[in-house]
Amino acid sequence: MKKVALISMIGLMMIALLNPTVAQQTKKEKKDLKKELKAKADKQARKDAKKYKKDGYYVAPGALPMEKQLENAWLKQLETDEHDYPKYIVATGNSVGETQTAAKLQATETAKLELAGTITTDVAALIETNIANQQLNNEEAASVTKTVAAAKNIIAQELGRIIPMVEMYKKIGKNVEANVRLAYDSKTAKEAAKKVIRKQLEEETDLMQDKLDKLLDF
């Protein structure tokens with residue numbers, strides 16, 4: 001018994017000694033990975049900026065240099081959450097207007113609609129899975145699918161803090177072309193979409209609250 005106890009104690013001591021080492025290695029690996037991703041983002045950003053500048057694009061006075069904007073955008077796109085899913089949803093918008101401000105506003109709205117479309121598609125896929133699991137009848141399933149598909153414009157209006165990542169311009173005759181890239185937190189996006197879709201489903205379908213809860217349980 002003493003021998004077994006001694007072996008067990010040695011084993012526990014080894015685990016205690018090794019765990020900090022493993023943690024340090026993991027921390028170092030994460031740091032190295034972040035450094036590697038930053039280097040790749042910087043390289044790609046410089047390459048992209050060179051191409052954009054050659055095409056006549058420029059940034060507004062006082063804005064971050066184009067290379068830095070693109071590098072930050074790449075890093076945001078590479079970020080993942082604790083489950084290794086993309087942390088941000090990214091969308092682009094492009095528009096031509098008589099003024100820089102008008103072009104930017106329209107390009108931003110276009111990007112917001114693209115964001116909303118991506119969010120709606122992702123949430124719709126999750127709801128479709130729950131429709132099958134909850135065994136809704138054909139009429140209920142059709143109503144849910146139709147309502148969710150129609151929610152894109154409302155979701156676009158309800159989006160909260162959008163992160164502007166890239167903003168560049170190009171002269172097109174007397175007009176100005178704006179090219180923007182936006183990011184939105186994936187988790188926040190999902191919650192915002194669920195809130196909008198729940199309200200729409202409550203107004204446009206006869207589903208009971210328990211069915212709504214189960215449909216939006218993700």
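The values are calculated or read from the model by the stated rules, or taken from the named source; none is laboratory data. Every value quoted in this text rests on a predicted model; they were computed, and no experiment measured them. Cβ sites come from the backbone with ideal geometry, for glycine too, and all protein chains shown count toward neighbours.
Observations on the model:
- Screening L212 on (1) surrounded by 12 or more Cβ atoms within 10 Å (Cβ to Cβ); (2) farther than 30 Å from Q100 by Cβ; (3) of a type outside the set (G, A, S); (4) out of contact with any helix residue (DSSP H, G or I) (no Cβ under 8 Å at 6 or more places or on another chain) shows it passes everything except condition (4).
- Only residues that are crowded, with 20+ Cβ neighbours inside 10 Å and either of a type in the set (D, E, K, R) or part of a strand (DSSP E or B) (or both) were counted across the stretch 187-202, and they come to 0.
- Test: residue in the stretch 147-154 that is part of a loop (DSSP other than H, G, I, E, B), under 30 Å from K68 (Cα atoms), out of contact with any Phe, Trp or Tyr (no Cβ under 6 Å at 6 or more places or on another chain) and not hydroxyl-bearing (S, T, Y): no
- Hits in the stretch 122-134 (condition: in contact with a helix residue (DSSP H, G or I) (Cβ under 9 Å, 6 or more places away or on another chain), more than 14 Å from D217 (Cβ to Cβ) and either of a type outside the set (A, V, I, L, M) or without any contact (Cβ under 8 Å) to a residue 12 or more places away in the chain (or both)): D122
- Lone unmet requirement of (1) touching an Asp or Glu at 6+ places or on another chain (Cβ under 9 Å); (2) part of a strand (DSSP E or B); (3) not charged (D, E, K, R) for M165: (1)
- Residue within the stretch 60-79 that is surrounded by fewer than 16 Cβ atoms within 10 Å (Cβ to Cβ), over 21 Å from the mean Cα position of the chain (by Cα), assigned to a strand (DSSP E or B) and not acidic (D, E) present: no
- Screening A116, A156, A125, A151 for residues that are out of contact with any strand residue (DSSP E or B) (no Cβ under 6 Å at 6 or more places or on another chain) and surrounded by fewer than 19 Cβ atoms within 10 Å (Cβ to Cβ) leaves exactly one candidate, A125.
- When Y184 is tested against (1) more than 18 Å from the chain's Cα centre (by Cα); (2) crowded, with 20+ Cβ neighbours inside 10 Å, only condition (1) is not met.
- Criterion (buried (at least 16 other Cβ atoms within 10 Å of the Cβ) and not in a helix (DSSP H, G or I)) met by exactly one of A103, A91: A91
- Any hit, the stretch 96-109, residues being at pLDDT below 95 and basic (K, R): no
- Residues considered: K31, K2, K53. Of these, the only one that is farther than 22 Å from V176 by Cβ, modelled with pLDDT of 65 or more and either of a type outside the set (A, V, I, L, M) or in contact with a Phe, Trp or Tyr (Cβ under 7 Å, 6 or more places away or on another chain) (or both) is K31.
- Among the residues of the stretch 135-163, the one identified as in contact with a Leu (Cβ under 6 Å, 6 or more places away or on another chain) and either farther than 29 Å from A73 by Cβ or without any contact (Cβ under 8 Å) to a residue 40 or more places away in the chain (or both) is T147.
- Taken over the stretch 177-200, the criterion of being in contact with a Pro (Cβ under 9 Å, 6 or more places away or on another chain) and within 15 Å of T121 (Cα to Cα) is satisfied by S186 alone.
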